[in-house]
Amino acid sequence: MLLKPGVENKEYWFMFSGVDKILHISIFALLGFVFRISFPRMLFFTFFFIMFIYGLGTEILQREMHLGRSMEFLDLIADSLGVLIGYVTYQKIKNYYF
């Protein structure tokens, strides 16, 4: 999804300026949540560092593949915010149920 060729399509009601940032946040929140479930004992710094490097890697690949996507600093911020949301969601669920 993150490396798919980008096309701005405004035909649909849900397509608006900035929708890509919401998609980045959503994808990385889910990714961070699942990664945290997979490695529950990992330190926060290590968890965040791995996820940040993954987000940076996808942004670099978007630039290098020349398929209509570009590397954007705000996408990396959105990825990081999504990871934090996934982490906090995991912590809340863990504390509630366990």
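The values are calculated or read from the model by the stated rules, or taken from the named source; none is laboratory data. Being a predicted model, the structure only gives us computed values, none of them experimental. Cβ: placed from backbone, ideal geometry, glycine included. Neighbour counts: every protein chain shown. When the accessible area is computed, the model is the full protein with side chains, heavy atoms only, and any ligands, DNA or RNA have been set aside. Shrake-Rupley method; radii C 1.70, N 1.55, O 1.52, S 1.80 Å.
A few notes on this one:
- Across the stretch 65-79, the qualifying residues are those that are in a loop (DSSP other than H, G, I, E, B) and of a type in the set (D, E, K, R), and the one among them that is surrounded by the most Cβ atoms within 10 Å (Cβ to Cβ) is Arg69.
- Total residues in the stretch 27-74 satisfying the condition of being under 11 Å from the mean Cα position of the chain (by Cα) and more than 25 Å from Gln91 (Cβ to Cβ): the figure is 1.
- Taken together, the criteria place Met71 among residues that are free of Cβ contacts under 8 Å to residues at least 60 places away in the same chain and in contact with an Asp or Glu (Cβ under 7 Å, 6 or more places away or on another chain).
- Test: residue in the stretch 51-64 that is of a type outside the set (A, V, I, L, M, F, W, C), open to solvent by 40 Å² or more (accessible area, probe 1.4 Å), more than 18 Å from Leu31 (Cβ to Cβ) and at pLDDT below 95: yes
- Residue selected from the stretch 75-98 under the condition among the charged types (D, E, K, R) and over 8 Å from the mean Cα position of the chain (by Cα), by the criterion nearest to Leu56 (Cα to Cα): Asp75
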